[in-house]
């Protein structure tokens, strides 16, 4: 027997790593199942008839597939209207957030002025401020302006830098760009706004897209804001509409699940196409910086 | 935690004096660029904070003029308001259950994903997915999952010999049920942990291997100390977020049964927007603010003992 015998130690090691790898995969797979199963249940319920939904023990596959749950759910409550209301708030909000957050991030990262880092530090503390404290005075402010039941309270604040979270994220990104670019443009006679527009913005597309996506997601999911500021059901957003639906049709689980699926579907699509931005954006905020 | 790095690249040579006009222009532009954000801070953060303090000392209802009543709201809250004590207790219970469990789970998943796993992007997507589901939609979904008769959870547990659990419909089980639900949404936390883990230098692990250390040693002496800043970051943000949970109890339980899921912000909301007691609700908000601040300061204080900053 001339074949070299692998030493016991290395053999032990490879089997051990193989076993631990296997354990890792098993854990990951079971975790994935646990994460996905509620969504599977959601979709399965949305395609069932009411009689099948109330069978015990439950069945996993709809039989027959009730596609008409969807049109039924979407017409019981004016979902199309709510959808456009949501967009009506979302689009100006996201545009305002991206523009003013980029401006602020630029002013906090690439232009030098006295007291800059102190001001940024003060703004950063609002990350830790409970929203509950500002909720009531802000509401009273809008109420005194007579603007409750309009979209102004939901749109206008986002034209003032959006959230410090976005400014922070963009600032982190801007800091990674070489300064020589700005200086070259300045020497060529550009003013700082032009530097932002023609040098920084084109180089920061991923970060700007990330901010746009986060703020889209936030506006789409926002519940408390519309709940407080919108009382007229004709102005409702999708989130409010779904809550209203839940209150009205408590036991119509098939229709409720169809409606919930419709509210979730757009963000799922957005997530699948823009996943990279989510992951990198989140990771960026958590890094020591 | 988020120390601001100084971003000025070191400038080797002194700039000629004549550039100072440029510097002044640059400063002007800088102030101009941040002006909307600073104005927003004054209008929607600082202003309301100061306003809130004033409102808390009045009996402001939505209609009519506010009367100054001093600390009467606070006196009532602390001496007469049973629901205040209840909601503070419920919120503490919920937060102390939810925050550590979510952190543990998010950390464990991040460690698993950091193991040079094949198909990492797929797993990462799956674990992140629940976090993008709108809270209102996930609340509706979880009401259905928690349904004692036809919900998913009992459908899984009953064949395993469990009794018919009441979940959000029982006053003892509602908070554990909501904690369980909160474990579904750990995506961002996990991603932040993962980023922290990926920042741990490989040489450190190799050093442990050379010294004959096992995976436990690596975890205990390298991984955990190196990601303590990330743990601190996640801990603070999730305490602040969890203490202010609102949508789930509002949609799923309306605080019930028997007020056992009357989370603090839901109680505050009811006072402000159902009973329009703006002054009273502002006082409640200030108390929550102080509680959260104390918790955060406590965590920061202890953090010097357990957070390891590289290069210090």
Cα pair distances of the stretch B:236-304 binned at 10 Å [whole percent]: 20, 43, 28, 8, 1
On alpha-carbon atoms, Rg over Rh for the stretch A:13-92 using Kirkwood Rh? 1.26
Please compute, for the alpha-carbon atoms of the stretch A:186-289, the extent along each of the three principal axes and give them in descending order in Å. 68, 29, 25
Relative pair counts by distance (%), Cα atoms of the stretch A:11-50, 5 Å bins: 6, 21, 13, 14, 10, 10, 8, 6, 5, 3, 2, 1
Can you show me the helix-derived [θ] at 222 nm for chain B, built from DSSP H runs with n ≥ 4 at -39,500 (n - 2.57) apiece and divided by the number of residues, rounded to the nearest 500. -19500 deg cm²/dmol
List B:254, A:183 from most exposed to least, where exposure is judged by having the fewest other Cβ atoms within 10 Å. A:183, B:254
In Å and on Cα atoms, what radius of gyration and Dmax does the stretch A:1-144 show? 28.9, 94
From the Cα centre of the stretch A:240-289 to that of the stretch B:26-87, the distance in Å is 31
Normalised radius of gyration for the protein assembly as shown, please: alpha carbon Rg relative to 2.2 N^0.38 Å, two decimal places. 1.06
Hey, in the GNM for chain B with a 10 angstrom Cα cutoff, which one of B:34, B:140, B:291 fluctuates hardest? B:34
Take B:125, A:237 and order them by how many other Cβ atoms sit within 10 Å, fewest up front. B:125, A:237
Kindly identify chain B as rounded, prolate or oblate by the Cα gyration tensor criterion: order the square roots of the eigenvalues as a ≥ b ≥ c, call it rounded if a/c is under 1.5, otherwise compare a/b with b/c, prolate if a/b is larger, else oblate. oblate
Pick out which of B:249, B:163, B:100 has the largest mean-square fluctuation in a Gaussian network model of chain B, springs linking Cα atoms closer than 10 Å. B:163
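Going by the alpha-carbon gyration tensor, a ≥ b ≥ c the square roots of its eigenvalues, is the stretch B:24-141 rounded (a/c under 1.5) or, if a/c is not under 1.5, prolate (a/b greater than b/c) versus oblate?
oblate
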Residue-averaged beta-carbon neighbours from other chains (10 angstrom radius) around B:263-271: 2
Determine one quarter of the surface area of the Cα convex hull of the stretch B:107-154, which equals its mean projected area, and express it in nm² to one decimal. 4.5
Cα-based Debye curve of the stretch B:171-312 sampled at q = 0.17 Å⁻¹ gives log₁₀ I(q)/I(0) of -1.02
For the stretch B:266-307, just say rounded, prolate or oblate: build the C-alpha gyration tensor, square-root its eigenvalues into a ≥ b ≥ c, call rounded for a/c under 1.5, and beyond that prolate if a/b exceeds b/c, oblate if not. prolate
Ratio for chain A, C-alpha Rg to 2.2 N^0.38 Å, reads 1.36
Dividing the alpha-carbon radius of gyration of the stretch B:214-253 by 2.2 N^0.38 Å (N being the number of residues), what value is obtained? 1.83
Would you mind ranking B:289, B:78 by Cβ crowding within 10 Å, fewest neighbours first? B:78, B:289
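Go ahead and estimate [θ] at 222 nm for chain A from helices alone: -39,500 (n - 2.57) per DSSP H run with n ≥ 4, summed, over the residue count, rounded to 500.
Taken over chain A, the calculation gives -22500 deg cm²/dmol.
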Over the Cα atoms of the stretch A:42-126, compute the convex hull volume and normalise it per residue, giving Å³. 183
Out of B:226, B:181, B:28, any idea which swings most in a Gaussian network model of chain B, alpha carbons joined below 10 Å? B:28
Scattering from the C-alpha atoms of the stretch B:90-194 alone, worked out with Debye: what is log10 I(q)/I(0) at q = 0.23 1/Å? -1.20
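Values in this text are rule-based calculations from the coordinates and carry no lab data. Small disclaimer: the values here were computed from a predicted structure and weren't measured. Cβ atoms come from the backbone with ideal geometry, glycine included; neighbour counts cover every protein chain shown.
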